[in-house]
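Student: Have a look at this one.
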Amino acid sequence: MEAIATPSFLAKSRTQGSSLKPETYTLTNQTRVIIHTAGVIEFVPTQYTKNIILSSGIHGNETAPIEICDELVQQVLNENIILCQRVMFIFGNLPSMDIEKRFVEENLNRLFIKNVELSNNERKRAYILMNIVDSFFEKATQSQERIHYDLHTAIRDSKNEKFLVYPYLYGRKYSKEQLAFMSACGVNTVLLSQGPTSTFSHYSSKFHLAHAFTVELGKVKRFGENDMSRFEQTKKMLLELITKQEPVFKSFEACPIEIFEVAQEIVKTKEDFVLHFDDELANFSEFKKGDLIASESGKSYYTQQNSEAIVFPNAYVAIGQRALLTVIPCDI
Ligand SMILES: [Zn+2]
């Protein structure tokens with residue numbers, strides 16, 4: 001008789017939604033399983049030194065990381081792998097996965113702020129996720145590491161296909177060890193955030209002093225259409241991270257890491273905001289000093305230095321939101 005494949009935790013989360021009740025049980029290998037709510041599942045092995053959150057689908061159409069995490073969760077549940085670390089998987093915006101959009105009403109990754117107003121479902125989801133993250137990290141002891149990788153894919157091509165955004169650290173030190181691990185994952189481009197933001201990784205970094213990054217792993221594709229070979233290295237290292245005491249990777253000095261800081265943050269203030277470059281231009285494409293890059297009624301935006309590069313351009317954001325960042329190379 002052929003085995004009937006049971007739906008994955010993610011599949012159940014997407015189809016049963018709010019009827020998926022919190023539940024705790026133990027696998028035969030003694031790993032405790034805690035289902036917090038739809039899309040959030042935690043695994044607690046008997047011994048561990050790291051508390052790790054792997055989140056995906058904060059933007060529902062960014063499918064590759066969702067597929068990677070879905071598979072990892074199933075491997076743990078089927079006991080094909082045994083965890084050495086405490087790991088919580090978060091599948092962020094379940095309704096937006098169904099409509100294959102970045103979000104339903106509002107960009108979830110702008111809503112991780114204390115006292116968020118609960119005026120739509122994405123705000124309610126952000127509120128629930130922040131509470132779950134709080135109690136997850138509050139259970140970590142002082143000596144244990146706290147890690148949160150928020151996995152995304154970008155809307156457009158990037159000259160540097162994989163890159164990460166390092167949240168603002170409020171004076172804390174950048175972790176070269178973490179960046180070396182990310183390099184082993186194939187992520188060699190680092191963008192340093194120079195001020196507070198309302199992203200998920202910033203939340204864990206600021207309030208729980210976690211090593212937290214927004215990690216962009218490639219380009220948006222539909223479910224099932226990702227070339228998973230492009231994610232092999234990342235998958236392998238994430239698997240090592242959660243199933244080994246210490247993953248093995250090269251030192252920071254031996255890694256081909258490029259680091260950038262923000263030069264300008266350009267906010268759309270008028271409805272007629274336009275970008276002055278091709279819609280398909282890749283992230284990290286460079287301009288010369290003085291090039292016109294964007295404009296709107298009463299205002300033009302120019303690059304201010306040579307080698308200033310564009311990241312995350314999106315002329316279609318709501319008024320008052322960031323439409324473009326420019327970055328320049330730097331050291332840490
Ligand atoms: Zn995203």
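Student: If a paramagnetic tag sat 7 Å from the Cα of Thr26 along the Cα-Cβ line, which residues of the range 74-109 would have the backbone N under 18 Å from that point?
Tutor: Counting backbone N atoms under 18 Å from the label point, the list is 77-79, 82-87.
Student: Work through the residues other than Ile257 whose Cβ is under 11 Å from its Cβ and net out their charges, Lys, Arg +1 and Asp, Glu -1.
Tutor: So the surrounding residues net to -1.
Student: Kindly provide the trypsin sites (Lys or Arg not before Pro) of the range 256-332 that DSSP labels as loop, not H, G, I, E or B, and whose Cβ sees at most 12 other Cβ atoms within 10 Å.
Tutor: Taking the range 256-332 and a limit of 12 other Cβ atoms within 10 Å, the loop trypsin sites (Lys or Arg not before Pro) found are Lys270, Lys288, Lys289.
Student: Starting from the Cα gyration tensor of the range 286-332, take the square roots of the eigenvalues, sort them a ≥ b ≥ c, and report rounded, prolate or oblate (rounded when a/c is under 1.5, otherwise prolate if a/b is larger than b/c, else oblate).
Tutor: oblate
Student: OK, next. Under the rule a/c < 1.5 gives rounded, and otherwise a/b versus b/c splits prolate from oblate, where does the range 180-263 land using the Cα gyration tensor?
Tutor: rounded
Student: Please state the shape class of the range 47-184: rounded when a/c is under 1.5, otherwise prolate if a/b exceeds b/c and oblate if not, all from the C-alpha gyration tensor.
Tutor: Here the range 47-184 falls in the rounded category.
Student: Length gain on complete extension for the stretch Gln75 to Ser18, per 0.36 nm per residue less the alpha carbon to alpha carbon distance?
Tutor: 18.1 nm
Student: If you count the DSSP beta bridges with both ends in the chain, what percent of them are antiparallel, to the nearest 5?
Tutor: Around 55 percent of the beta bridges assigned by DSSP in the chain are antiparallel ones.
Student: Consider all pairwise Cα distances in the range 41-115 and report the whole-number % of them above 18 Å.
Tutor: Working: 1306 of 2775 pairs.
The calculated P(r) of the range 41-115 puts 47 percent of pairs beyond 18 Å.
Student: May I ask you to list the chymotrypsin sites (Phe, Trp or Tyr not before Pro) in the range 126-219 that are in a DSSP loop and have at most 13 other Cβ atoms within 10 Å of their Cβ?
Tutor: When the chymotrypsin sites (Phe, Trp or Tyr not before Pro) of the range 126-219 are filtered for loop state and at most 13 Cβ neighbours within 10 Å, Tyr170 remain.
Student: Take the Cα pairs of the range 9-254, get the Kirkwood Rh, then feed it into Stokes-Einstein at 4 °C and 1.567 mPa s and tell me D in µm²/s.
Tutor: Values: Rh = 18.1 Å.
My calculation gives 72 µm²/s for D.
Student: Compute the separation of the alpha-carbon centres of the range 189-209 and the range 82-137 and state it in Å as a whole number.
Tutor: Here the answer is 15 Å between Cα centres.
Student: Using the heavy atoms of the protein chains and a 1.4 angstrom probe, tell me the accessible area per residue for the range 1-83 in square angstrom.
Tutor: 46 Å²
Student: Now for a separate question. Which loop-located trypsin sites (Lys or Arg not before Pro) does the range 24-108 contain, where loop means any DSSP state but H, G, I, E or B and the Cβ has at most 10 other Cβ atoms within 10 Å?
Tutor: Sites meeting the loop and neighbour criteria: none at all.
Student: Also, I was wondering about something else. Given the options Asn78, Val44, Ile128, identify the residue whose Cα lies farthest towards the positive end of the charge dipole of the range 9-254 (+1 on Cβ of Lys, Arg; -1 on Cβ of Asp, Glu).
Tutor: Of the listed residues, the answer is Ile128.
Student: Let me ask something else about it. Given 4 °C and 1.567 mPa s, how large is the Stokes-Einstein diffusion coefficient of the range 230-332 in µm²/s, with Rh as the Kirkwood radius over Cα pairs?
Tutor: Roughly 80 µm²/s, to the nearest whole number.
Student: So which helices of the chain fit the span-like rule, where a helix is a whole DSSP H run, its Cα atoms reach 15 Å or more along the axis, and its mean Kyte-Doolittle is at least 0.0?
Tutor: The answer, listed by residue number, is 63-77.
Student: Which value, in debye to the nearest 20, gives the size of the charge dipole of the range 192-283 about its Cα centre, when Lys and Arg are +1 and Asp and Glu are -1 at the Cβ?
Tutor: 460 debye
Student: Take the alpha carbon atoms of the range 216-273, find their center, do the same for the range 1-72, and report the distance between the two centers in whole angstrom.
Tutor: Centre-to-centre distance over Cα atoms comes out at 22 Å.
Student: Compute the accessible area per residue over the range 263-329, keeping the other protein chains in place, probe 1.4 Å, unit Å².
Tutor: Accessible surface, normalised per residue, equals 51 Å².
Student: Now a separate question. Ignoring everything except DSSP H segments at least 4 long, calculate the 222 nm mean residue ellipticity for the chain; use -39,500 (n - 2.57) per segment, divide by total residues, nearest 500.
Tutor: -7000 deg cm²/dmol
The values are calculated or read from the model by the stated rules, or taken from the named source; none is laboratory data. These figures come from a predicted structure and were not determined experimentally. When we count neighbours, we look across all protein chains shown, and the Cβ atoms used for this are built from the backbone with ideal geometry, even at glycine. Remember, those area values only see protein heavy atoms, side chains included, never the ligands or the DNA or RNA. Shrake-Rupley method; radii C 1.70, N 1.55, O 1.52, S 1.80 Å.
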